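One structure below.
Each value in this text was obtained by applying a stated rule to the coordinates, not by laboratory testing. All values reported here derive from a predicted model rather than from experimental measurement. Counting neighbours? That spans all protein chains shown, and the Cβs are built from the backbone with ideal geometry, glycine included.
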Amino acid sequence: MNLEKVVFGFFIVLALTLNFGFFIGEFDNPGHHNVYELFFAIVVNLIATVLKFGDRTQIGAVLLATSLVADLQLIAAAIVWGYAVQVSPAGMEPTVMSSIVSLSGGALLANVTSVVLLIIETINLRR
Amino acid sequence: MNKVIFIFLRRMRAPLLVIIIAYAVSILGMVLIPGTDAEGNPWRMDFFHAFYFVSYMATTIGFGELPFEFNDAQRMWTVVSIYLTVIGWLYAIGKILSLIQDPAFKQAVVEQSFARGVRDMSESFFIICGYGDTGSLLVRAMAQREMRTVVVDHNPERINELELEDLHLYVPGLCADASLTSSLQAAGLQHRNCAGVVALTDDDQVNLKIAITTKLLHPGSKVICRAETRDAEINMASFGTDSVINPYDTFAHRLALALHSPGTHLLYEWLTGVPETPLPVPLYPPHGTWVLCGYGRFGKAVKENLDREGVNTVIVEVDPEGTGCAGFCVVGRGTEAETLRAAGVEHAAGIVAGTDNDANNLSIVMTAAELNPDMFMVARQNKRDNHEIFQAALLDLVMQRSKIIARDIFAMITTPLLDDFLRLILEQSNDWANEQISRLTAVVRESVPDIWYFPVEESHSPALLGVLDKGGCVHINDLTRDSRDREEPLSCVPLLLKRKDHESVLFPQGEVSLRPGDQLLFAGRIGAWERMKWTLQNRNALRYVQTGKEAATGYFWKKFVRENSRL
């Protein structure tokens with residue numbers, strides 16, 4: 001067993017599960033989407049991105065790209081959230097919530113791709 | 001992926017993870033700890049404010065406790081966060097600094113900028129392997145002519161010299177072993193603009209390897225090699241190396257040329273010199289007995305050439321057995337008066353100080369000058385640094401190996417026909433050479449002429465070819481007229497006309513008419529070439545120099561002229 005692979009796999013899958021946990025629920029209901037979950041999704045995604053740095057293989061490059069996409073989407077979601085709560089006079093509205101959730105949905109897709117790639121790589125190893 | 005970024009990311013993995021985790025822990029703590037707002041109501045920091053607070057705290061900017069004053073629990077957590085994040089940052093910055101200092105990283109940065117320099121070459125360029133005395137002279141001369149070069153040398157000091165050199169073109173330099181195929185490839189051997197490779201390292205084996213690699217990987221390109229032994233020379237020539245230059249032979253040959261036909265030698269010097277520098281003065285080495293100090297590779301080549309000229313030589317050599325001249329030489333270094341006297345220096349016509357030690361060579365000629373001030377003095381200069389002292393010694397001829405090779409190679413690279421021309425003039429008599437020199441002097445006056453070459457082809461001389469294709473006739477002296485005023489001749493002389501069937505005419509007459517596929521070599525003053533180019537490429541200019549008439553260019557005007565001529 002390779003500890004590096006364990007940590008790597010752990011963070012990639014955790015990024016997906018947290019992302020999924022945040023995403024699931026009624027689309028525009030703020031009560032169904034936890035801000036802590038978004039926070040952890042961002043942190044774990046960032047860690048997963050850094051872990052992918054320096055892999056020169058083709059699959060490593062694609063993994064890094066999917067992670068960067070997920071980061072971008074989640075950070076965009078966080079910025080929208082922050083803007084709605086702190087700056088916008090109307091506060092958190094269902095329409096804003098739905099755009100946050102849809103952004104995180106995009107990130108979810110990228111994370112799914114990451115995990116699929118990870119599984120493909122693992123299967124190809126055959127050991 | 002880019003190597004530099006790759007190394008950077010790989011090394012920065014740990015510090016970035018530390019920073020992300022430190023931030024995450026600090027932000028989460030700030031959010032979870034209950035606080036109070038200005039009115040004393042329970043309030044919890046949200047993620048936005050927590051991120052804002054941690055960002056300025058971690059970077060030690062410190063705006064204070066925002067948005068509301070902290071309670072003790074929050075302050076406690078802030079203390080923990082400060083140490084956590086600041087240490088994280090210090091770790092990351094320290095890592096970046098040590099990474100920049102890292103030799104592997106530096107090497108990667110240098111290699112990358114070199115690779116970019118080579119990749120971006122948009123004009124044809126030459127790869128120069130070996131940046132010693134010869135290499136640096138060659139690169140400098142080529143840069144003056146706006147020709148691009150790429151340098152490969154295994155000695156890092158020389159590459160540093162290249163970087164400090166004040167060339168007005170960017171010359172990428174790679175510190176690598178040129179005998180490795182990968183180094184040559186990195187230097188752009190397979191680049192579509194690579195015109196050729198010049199192998200100037202001081203190791204014959206390395207030069208040989210470079211020549212073979214180039215011939216195999218980039219068959220169309222030109223290869224010019226330096227070889228110090230006959231074996232290597234023959235070996236290189238055997239697989240189609242374009243030119244092999246043996247430094248010892250080359251300059252012994254040049255000395256012999258100066259002896260037997262000073263005119264030809266002078267012509268040679270003029271045409272291979274750096275344009276716009278003062279013209280070299282003619283040399284008249286005396287015939288008579290010559291004293292030859294040093295019987296190494298240079299000495300042997302000189303003796304061979306002098307023997308061919310029928311000149312008697314006396315050899316002075318410190319190690320007769322090692323150099324194979326035992327029995328017919330004076331034993332000694334030549335630096336002391338006794339040895340020179342024994343060699344008969346008082347009655348000799350000339351002396352050649354040809355050892356591989358510059359100090360000894362100077363000592364030989366100075367001692368000899370005291371014994372016989374009238375003799376013709378030739379010294380071999382090995383190191384370029386010693387240029388000043390050799391100049392100060394007021395010798396008749398200084399043989400600087402690197403300069404001779406660099407000039408020869410430069411001539412070969414810049415003007416393809418010059419090589420043919422120089423070979424052909426060697427077969428001519430000295431009187432012939434003197435005649436041509438007087439012709440050239442009338443045109444170029446005091447400075448070394450510019451040399452140029454062009455073929456009668458669509459790419460180089462479309463106007464000229466256009467006239468020939470229509471059955472017209474163009475003479476050489478049409479081209480040597482000024483396209484601004486045809487009564488004024490351009491200051492230039494045609495040196496060589498090479499026909500398609502390899503027939504060559506030296507100094508062709510002005511009445512000779514040109515044919516498609518001809519190649520021409522001219523010498524003249526700087527600026528004359530630009531004027532001639534105009535004639536070659538612009539049909540109206542060509543028409544003007546041929547007939548003296550300004551041609552009608554527009555549709556309307558052409559029609560008008562035609563109608564008028566019909567009347």
request  = Report, please, the projected area of the protein assembly as shown averaged over directions, based on the convex hull of its C-alpha atoms, in nm².
outcome  = 51.6 nm²
ask   = Counting Lys and Arg as +1 and Asp and Glu as -1, each charge on the Cβ, what is the dipole of the protein assembly as shown about the Cα centre in debye, to the nearest 20?
value = 1900 debye
query = In percent, how large is the relative contact order of the range B:308-411, given Cα pairs closer than 8 Å and 6 or more residues apart?
reply = 19 percent
ask   = What is the sum of charges around B:R11, taking Lys and Arg as +1, Asp and Glu as -1, for the other residues whose C-beta is under 11 Å from the C-beta of B:R11?
value = +2
message = If each residue of separation counts as 0.36 nm, what is the full-extension length gain between B:E435 and B:E304 once their alpha-carbon separation is subtracted?
response = 44.3 nm
message = Is there a quick way to get the dipole size of the range B:305-349? I mean about its Cα centre, with the Cβ of Lys and Arg at +1 and of Asp and Glu at -1; what is the value in debye to the nearest 20?
response = 80 debye
query = For the range B:465-521, what is the relative contact order in percent, using Cα pairs closer than 8 Å and at least 6 residues apart in sequence?
reply = 37 percent
task = Determine the dipole magnitude for the range B:352-510: charges of +1 sit on the beta-carbon of Lys and Arg, -1 on that of Asp and Glu, nothing else is charged, the reference point is the Cα centre, and the result goes in debye to the nearest 20.
result = 240 debye
task = Step through the residues of the range B:504-518 one at a time and calculate ³J(HN,Hα) from phi using the Karplus curve (6.51 cos²θ - 1.76 cosθ + 1.60, θ = phi - 60°), rounding each to whole Hz and writing x for Gly and Pro.
result = 10, 10, 7, 6, x, 6, x, 7, 4, 9, 8, 10, x, x, 5
inquiry  = Using a 10 Å cut-off around each Cβ, can you sort A:I12, B:I210 from fewest to most neighbouring Cβ atoms?
reply    = A:I12, B:I210
note = chain B: antiparallel bridges as % of DSSP beta bridges, rounded to 5, reads 35 percent
task = Any chance you could give the angle, 0 to 90 degrees and rounded to 10, that helix B:297-308 forms with the longest Cα principal axis of chain B?
result = 20 degrees
remark   = Semi-axes a, b, c in Å (a largest) for chain B, each sqrt of 5 times a Cα gyration tensor eigenvalue, come to 64, 41, 20
query = Along its principal axes, what span do the Cα atoms of the range B:378-498 show, with the longest given first and each in whole Å?
reply = 60, 31, 28
The range B:311-357 - percent relative contact order, Cα under 8 Å, separation 6 or more = 30 percent
Selection from B:Q74, B:I409, B:T36 lying farthest towards where the dipole of chain B points positive, charges on Cβ = B:T36
inquiry  = Can you return the lysines within cross-link range of B:K95? Criterion is Cα-Cα under 24 Å, with same-chain partners fewer than 8 residues away left out.
reply    = A:K52, B:K3, B:K106
Positive-pole candidate from A:L117, A:M97, A:F20, dipole of chain A, charges at beta carbon = A:L117
inquiry  = As I understand it, the value is the acute angle between the Cα axis of helix B:262-272 and the longest principal axis of the Cα atoms of chain B; what does it come to in degrees, rounded to 10?
reply    = 20 degrees
request  = With everything on Cα atoms, drop me the angle between helix B:133-144 and the longest principal axis of chain B, reported from 0 to 90° to the nearest 10.
outcome  = 80 degrees
query = Once Lys and Arg get +1 and Asp and Glu get -1 on their Cβ, which of B:G135, B:T149, B:F48 lies farthest toward the positive end of the dipole of the protein assembly as shown?
reply = B:F48
inquiry  = Using Cβ counts within 10 Å as a stand-in for footprinting exposure, how do B:H218, B:H475 rank, fewest first?
reply    = B:H475, B:H218
Sorted largest first, extent of the range B:1-80 alpha carbons per principal axis (Å) = 57, 21, 20
inquiry  = Below 11 angstrom from the Cβ of B:G466, what's the summed charge of the other residues (Lys, Arg +1; Asp, Glu -1)?
reply    = +1
request  = Net charge near B:I127: determine it from the other residues with C-beta under 13 Å of the C-beta of B:I127, scoring Lys and Arg +1 and Asp and Glu -1.
outcome  = +1
note = Residue-normalised 222 nm signal for chain B, counting each DSSP H run of n ≥ 4 as -39,500 (n - 2.57), nearest 500 deg cm²/dmol, is -16000 deg cm²/dmol
Label point at B:E228 placed 7 Å out along Cα→Cβ; residues across the range B:323-352 whose backbone nitrogen lies under 20 Å = B:323-325
key: Rounded D (µm²/s) - the range B:275-387, Kirkwood Rh over Cα pairs, Stokes-Einstein at 25 °C, 0.890 mPa s   = 171 µm²/s
inquiry  = Give the lysines whose C-alpha is closer than 17 Å to that of B:K403, dropping any in the same chain fewer than 8 places away, or say none.
reply    = B:K383
query = Sorting B:C194, B:C473 on the 10 Å Cβ count, fewest up front, what's the list?
reply = B:C473, B:C194
message = Looking at the calculated P(r) for the range B:329-435, what percent of the C-alpha pair distances fall above 23 Å?
response = 45 percent
Diffusion coefficient, µm² s⁻¹, Stokes-Einstein with Kirkwood Rh over alpha-carbon pairs of chain A at 25 °C and 0.890 mPa s = 162 µm²/s
Selection of GluC sites (Glu not before Pro), the range B:443-545, meeting DSSP coil and at most 10 other Cβ within 10 Å = B:E446, B:E487, B:E503, B:E511
